[in-house]
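Following: one structure in structure tokens, then a few remarks.
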Amino acid sequence: MHFSLLIAVYYKDNPNFFDQSLHSIFSQTLRADEVVLVEDGPLTPELCEVVDKYQKAYPELKVVVMEKNSGLGKALNEGLRHCSYDIVARMDSDDVCKKNRFEKQISFMEKHPEYDLVGSWVDEFYNDIDHVISIRLVPESHNEIYAYCKSRCPVNHPTVIFRKKAVLDAGGYLTKYFPEDYFLWIRMLMNGAKFFNMQESLLFFRVSPDTIKKRGGWKYAIGEVHIQKMIYDIGFISYPSFVKNSIVRFTVRILPLWLRSLVYRNFLRERKACS
């Protein structure tokens, strides 16, 4: 089964993390037929060096250049236009794939053509992949995912492999508000797309104080309410759920960083700790 890998990078990304991410993509037991890399605006010289290194080594790397930084949603929508295959794997520029990630997920898609998206758990780590601190869990079956999606994002975005047609039929990524992916999954589910999460970790997900810090503030708080209103308007949640979700999400976004970190760690993520 042929498939594309879609990844985006922008000027604030760490070149060392980006290099690790690309290395994990090209070191898979099953490699993507093409890797579509979207440069979301001008990059730093250090990031450009990383891109050049992999372009020289791997002819399947296809670079798409955007003139200005437009945000992840627009970058991914643009990248999808350049993906040659209907099966598309996602990846972020600071995470690390486990070596058999694509082999396992593509095998699942081949055996289960009725599914439009397959994701997995992630190992959350600090600094290096030997320092895994927790595992972020997501529900397995389609029905569980659908119910979970009423209040929380049901998949780990960097782990997903999806059918491009199902994404485009749902209108693609959100481009105005964060998070870019949650509203897409809802629209796909409402369109009849079928989801599945493998009950194992297939990716190392990098976390740091900045991970939660950059997801706070009034901008994101207001964005959360807008997204919940859109979800309510299309009939996915009830009005009481809209009010509850909006209050919870808005409040969390404006909490002081230390308290927001505590809430994320203990209440807003299904996790199991690693010793």
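Throughout, read-outs are computed from the coordinates displayed, never taken from laboratory work. Owing to the predicted nature of the structure, the values given are computational and were not obtained by experimental measurement. Note: ideal-geometry Cβ built from the backbone for every residue, glycine included; neighbour counts use all protein chains shown.
Some points to look at:
- Residues Tyr11, Tyr173, Tyr115, arranged from fewest to most other Cβ atoms within 10 angstrom of their Cβ, appear as Tyr11, Tyr115, Tyr173.
- Along each principal axis, Cα extent of the chain, largest first, Å: 54, 43, 41
- Ranked Asp128, Asp13, criterion: other C-beta atoms within 10 Å, fewest first: Asp128, Asp13
- Summing Cβ point charges (Lys, Arg +1; Asp, Glu -1) relative to the Cα centre of the stretch 4-207 gives a dipole of roughly 540 debye.
- Relative contact order of the chain, taken over Cα pairs closer than 8 Å and 6 or more residues apart, is 20 percent.
- Working note: 222 nm ellipticity from helices only, DSSP H runs with n ≥ 4, each -39,500 (n - 2.57), summed and divided by the residues of the chain, gives -12500 deg cm²/dmol to the nearest 500.
- Of His157, His131, His82, the sequence from fewest to most neighbouring Cβ atoms within 10 angstrom is His131, His82, His157.
- Between the amide H of Glu124 and those of Ile133, Ser134, Ile135, Arg136, Phe205, distances stay under 5 Å, these residues lying 5 or more places away or on another chain, with hydrogens modeled in the peptide plane.
- Of Lys104/Lys219; Lys62/Lys219; Lys176/Lys213; Lys68/Lys219; Lys98/Lys194, pairs whose Cα-Cα distance is over 30 Å: Lys104/Lys219; Lys62/Lys219
- Candidates per trypsin sites (Lys or Arg not before Pro) in the stretch 122-173, loop by DSSP, up to 16 other Cβ within 10 Å: Lys150, Arg152
- Each Lys or Arg adds one and each Asp or Glu subtracts one; over the other residues with Cβ under 10 Å from the Cβ of Pro15, this totals -4.
- As a size descriptor, the averaged projected area of the C-alpha convex hull of the stretch 94-218 was calculated at 8.2 nm².
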